[in-house]
Amino acid sequence: MTAHRHLRRITALAAVAAGIALSGCSAAASPEVEPVAAEPAESTASTRALDPVSGEGPTGFPGVAFPIPEDARSVSIAFHCDGDGAFSVELGDSMMLGQSPLSGTCGEPHSLSWPIESRTAPTLAVQLDAGAIWTAEPTFSTAEFAVDEALVAECAAFSEVSSALMNADVGLTQYAAFDETAWRERVQGATVELGELAAASTTELSAALTQLHGELSATTPAPGTAYRALEPGFVVIGAACAENQSPIVLHGEFGG
């Protein structure tokens, strides 16, 4: 599996005023000039709401037609479905784009957002219980999708830790690529990396990463079961990374 990684740069200018010293008799002091605040740049982004798309039950892939305005760069969808089952919504081919489907539980409204690229197909795929009625109300914007770059970096780092633990388990149990001693060394290395990631985290992932590291450090997983220790964290971490459109991607070391 291949990782897809989504940098904003901020520049600043400063002006320095220099004073001129005159010799001899005293000179009149230059009057102080009050700084003038720069006028904020007027936003040129515009939004456009289109007719809702609705259906009953799952659509399968690639889903139903979902017209996208040519100038749209992002979309926010007000999604609602009946019942209390789980749902998943995918815009275009998320795997090809390096994006993520978004999921939740029916019975309450959800706001789902995606970036729009030139390769984004005008389709919407909805997976949920058979017979469930769903509605998706899109609002398109000419503004770019807002990405948290710190979260992008932490999701990528967590992907590496997750991949290391998965490959340790798979390499031991399915491919006999190394013995239990080597497996433990791999797990210990990944645990250290998880601890470093948790300690350095500046995002909403901090608490979940810290808890996962504590649980993994405090237990001794049975050989071949280290990856399972991460499963509770995927609820919080996976959802946050998906909403930022910097999904967790596992890199397989073994197999095709």
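The values are calculated or read from the model by the stated rules, or taken from the named source; none is laboratory data. If you're wondering where the values come from, they're calculated on a predicted model, not measured in any experiment. Quick reminder, even Gly has a Cβ in these numbers, built from the backbone with ideal geometry, and neighbours come from all protein chains shown. Accessible surface is based on the protein model in full, side chains and every heavy atom, while ligands, DNA and RNA are left aside. Shrake-Rupley method; radii C 1.70, N 1.55, O 1.52, S 1.80 Å.
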Breaking point among (1) within 29 Å of Ala86 (Cα to Cα); (2) modelled with pLDDT under 95, for Glu204: (2)
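Here's the yes/no breakdown for (1) touching a Leu at 6+ places or on another chain (Cβ under 8 Å); (2) more than 24 Å from Tyr227 (Cα to Cα):
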| position | (1), (2) |
| --- | --- |
| Arg119 | yes, yes |
| Thr135 | no, yes |
| Glu144 | no, yes |
| Val152 | no, no |
Qualifying strands (runs of 3 or more DSSP E) (wholly inside region 12-119; at least 3 residues being closer than 28 Å to Val249 by Cα and modelled with pLDDT of 95 or more): 74-81, 86-91, 102-105, 110-115
Region 164-178 residues that are under 18 Å from Val192 (Cβ atoms) and open to solvent by less than 60 Å² (accessible area, probe 1.4 Å), paired with ones that are assigned to a loop (DSSP other than H, G, I, E, B) and acidic (Asp, Glu) (beta carbon under 6 Å, 6 or more apart): Asn167/Glu253
Count of residues meeting criterion [within 30 Å of the chain's Cα centre (by Cα) and either assigned to a loop (DSSP other than H, G, I, E, B) or closer than 20 Å to Ser217 by Cα (or both)] in region 163-182: 7
Within region 193-207, considering residues that are more than 16 Å from the chain's Cα centre (by Cα) and not hydrophobic (A, V, I, L, M, F, W, C), the one most open to solvent (accessible area, probe 1.4 Å): Glu196
Check on Thr210, more than 15 Å from the chain's Cα centre (by Cα), more than 15 Å from Leu165 (Cβ to Cβ), open to solvent by 10 Å² or more (accessible area, probe 1.4 Å) and of a type in the set (Val, Ile, Thr): yes
Matching residues, region 213-236, being part of a helix (DSSP H, G or I) and open to solvent by 70 Å² or more (accessible area, probe 1.4 Å): Glu215, Ala218, Arg228, Glu231, Pro232, Val235, Val236
Filter result for the condition that a residue is closer than 27 Å to Thr203 by Cβ and not in a helix (DSSP H, G or I), over Glu144, Glu137, Glu154, Glu160: Glu144
From the options Pro122, Pro138, residue that is out of contact with any helix residue (DSSP H, G or I) (no Cβ under 7 Å at 6 or more places or on another chain), open to solvent by 40 Å² or more (accessible area, probe 1.4 Å), modelled with pLDDT of 95 or more and over 20 Å from Val235 (Cα atoms): Pro122
